[in-house]
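J.: Structure incoming, see below.
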Amino acid sequence: MTQHSSVFKTVGLVGTGAMGRGIAQIAAQAGSTVMLFDTQPEAVGKAIAAISQQWDKLVEKGRLTPEQAAAQKSRLVECPAAQSQQALAACDFIIEAIVERLDVKRSLFADLEKIVRADCVLATNTSSLSVTAIAAGMQHPERFAGYHFFNPVPLMKVVEVISGLKTSQGVCDQLTAFAKQMGHTPVTAQDTPGFIVNHAGRGYGTEALRIVQESVTDFVTIDRILRDQVGFKLGPFELMDLTALDVSHPVMESVYRQYFDEPRYRPSVITAQRLAGGVVGKKVGAGFYDYKDGAAVIAPEASIPVLPLGSEMPPVWVSTRAARRSELLQLLKDLGAKIETGQSPSMEALTIVAPLGFDVTTVAVVERLDPARTVGIDMLIDDKETKRRVLATNPMTRPDMRDAAHALFASDGKAVSVIRDSAGFVTQRVIATIINIATDMCQQSVCSPQDLELAVTLGLGYPRGPLAMGNHYGPTNVLEVLFNMQTVYGDPRYRPSPWLRRRGALGLSLLQGE
Ligand SMILES: NC(=O)c1ccc[n+]([C@@H]2O[C@H](COP(=O)([O-])OP(=O)(O)OC[C@H]3O[C@@H](n4cnc5c(N)ncnc54)[C@H](O)[C@@H]3O)[C@@H](O)[C@H]2O)c1
């Protein structure tokens, strides 16, 4: 790519910390001359050295020629701190990645507006402040937008182009074109708390934390379940340990407060307390997991119970209202269970229920089953699609019935987790919460359904975009989970978004616009 074809020939980069240097790197790679400025005297030199080192490594690996590396290096220009921002006067585009403070960012843009040309585009890399609020004091807010990158910038190939209330479409178009030139995927967001990625990401951790807070199971088990059943690369607690709670808890609180205490985003006292105690994650060697030589210490799984000598596996009866009932019966047959086919279970039978969104207790009571012999299994997902089965007891389930169910469902070698009663087990709760938040983002026109999917898969690395996830598991199933969870918990957190309700009712894809 030549310098002449660049959307912005000269880019100004203010704040050359973790984010600034990443943005400078990809802009220089795209052919722009990048003027770097930082108030800390040493910062720019360090940033240029770090970027140059990245390129030297690429030369060593044969992914960049020495000539290309030299040309890129020549496009990084140091603006000495002593010169103030004056050196940036000739820039076509200036982006800031300075400290996350509204007053400091506002004062920076007030200073920049005094020196730049009328057609210079200005942008902020803020992750939590309102773009409109930063622009409030500007003379020309129409030339200003959010340009939100992710860490590490060269590897996280998505950028949110955020339109403030007064941002012109032309500016968004330029930023979109420049993102593509830098090899990134641009997505367009309205100026709303968390934009796309940090908004869509609110479901995963917060619902997992509620499950732990409810003493349904421990965090290790939740991580195992979500990795094995849904295919998340990292469980929510592994993820929080990696991001560190000093970063992720404030994001949870900020999005929640900015939406005036919307229950769907409600953070947890668990992370608040851990943050206060400094138990923030992998970087300090202690988070939800302990770390030894950089690796998490993971407690072994509960062993599979062995039935007492002389006792037989009880016959099994499956609720007539079980989700995926025929698959469940086939599975039990394959596992060699003695299946009862009567209207109701015999006095000896292990009774299996498979609710969507209800807890085992509610189902046992409503269906007039003996709770002492009733165990639930999460059948939202096709058993063939998952690497783990999840069973739930209720407060009256007899230990022998629990153990029999555990041994039976583990008898073909598939992993089994047994948890306490929970409306929606683990997977249903977490998946439904993610999908509900995502569909409501579409309802609020935060972004297009397509951009939501792109932003989440690229920015959060989920196995599917949340809308595709909803389509895959069935919008009506997800709705049923949410309605029933709302009944059990009485919490408006679980009220389904109108986007989901309408598409579920009409049998439409969750990607369908209006
Ligand atoms: N770190 C992330 O994961 C991440 C992701 C997306 C967005 N952001 C946002 O990017 C911005 C920067 O974050 P970071 O992690 O790179 O921070 P950082 O602390 O690594 O770097 C900030 C740099 O800005 C400089 N600086 C501070 N005030 C300045 C001013 N008034 N003028 C010029 N330079 C100034 C500092 O000296 C420092 O070098 C923040 O707004 C943050 O919210 C961060």
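J.: Need pairs with beta-carbon distance below 6 Å; first residue within 16 Å of residue 218 (Cα to Cα) and within the range 275-300, second loosely packed, with under 10 Cβ neighbours inside 10 Å; sequence gap 6+ or separate chains.
T.: 290/297
J.: Still on this model: Just give me the residues in the range 452-481 being closer than 26 Å to residue 152 by Cβ, surrounded by fewer than 19 Cβ atoms within 10 Å (Cβ to Cβ) and β-branched (Val, Ile, Thr), in sequence order.
T.: Result: 457, single match.
J.: Which of (1) more than 16 Å from the ligand (Cβ to nearest atom); (2) farther than 19 Å from residue 177 by Cβ; (3) part of a helix (DSSP H, G or I); (4) of a type outside the set (S, T, N, Q) does residue 64 not meet, given it meets every other one?
T.: Result: residue 64 fails condition (3) only.
J.: Within the range 18-28, is even one residue away from the ligand (no atom under 16 Å from the Cβ) and not in a loop (DSSP other than H, G, I, E, B)?
T.: Yes; the residues of the range 18-28 include at least one that is away from the ligand (no atom under 16 Å from the Cβ) and not in a loop (DSSP other than H, G, I, E, B).
J.: If we only count strands (runs of 3 or more DSSP E) wholly inside the range 75-183, which ones have 2 or more residues that are more than 15 Å from the ligand (Cβ to nearest atom)?
T.: Passing ranges, in order: 76-78.
J.: Is it fair to say residue 57 is surrounded by fewer than 16 Cβ atoms within 10 Å (Cβ to Cβ), over 30 Å from residue 251 (Cα atoms), under 35 Å from the mean Cα position of the chain (by Cα) and in contact (Cβ under 8 Å) with a residue 12 or more places away in the chain?
T.: Considered against the rule, which asks whether it is surrounded by fewer than 16 Cβ atoms within 10 Å (Cβ to Cβ), over 30 Å from residue 251 (Cα atoms), under 35 Å from the mean Cα position of the chain (by Cα) and in contact (Cβ under 8 Å) with a residue 12 or more places away in the chain, residue 57 comes out as no.
J.: Within the range 96-139, how many residues turn out to be among the β-branched types (Val, Ile, Thr) and farther than 20 Å from residue 193 by Cα? Please lay out each step first, then the result.
T.: Restricting attention to the range 96-139, the residues satisfying the condition of being among the β-branched types (Val, Ile, Thr) are 98-99, 104, 115-116, 121, 124, 126, 131-132, 134.
Next, from what is left, pick out any that are farther than 20 Å from residue 193 by Cα: 115-116, 121.
Summing the residues that are among the β-branched types (Val, Ile, Thr) and farther than 20 Å from residue 193 by Cα in the range 96-139 gives 3.
J.: Moving on to the next point. Could you please find all residues in the range 117-157 being aliphatic (A, V, I, L, M) and closer than 17 Å to residue 38 by Cα? Talk me through it step by step, then tell me what you get.
T.: So the first thing to find is which residues in the range 117-157 are aliphatic (A, V, I, L, M), and the list is 118, 121-123, 129, 131, 133-136, 138, 145, 153, 155-156.
Scanning the range 117-157 gives 122, 123.
J.: Could we say that residue 326 is outside any strand (DSSP E or B) and farther than 30 Å from residue 367 by Cβ here?
T.: Here the answer is no, as residue 326 does not meet what is asked.
J.: Moving on. For the range 203-231, which residues satisfy the criterion of being part of a loop (DSSP other than H, G, I, E, B) and touching a strand residue (DSSP E or B) at 6+ places or on another chain (Cβ under 7 Å)?
T.: Once the filter is applied, which keeps residues that are part of a loop (DSSP other than H, G, I, E, B) and touching a strand residue (DSSP E or B) at 6+ places or on another chain (Cβ under 7 Å), the range 203-231 yields 216, 217.
Since every read-out is calculated from the coordinates, none of them should be taken as a lab result. This is a predicted model, so every value here is computed, not measured. Neighbour counts are summed over all protein chains in view; Cβ atoms, including those assigned to glycine, are modelled from backbone coordinates with ideal geometry.
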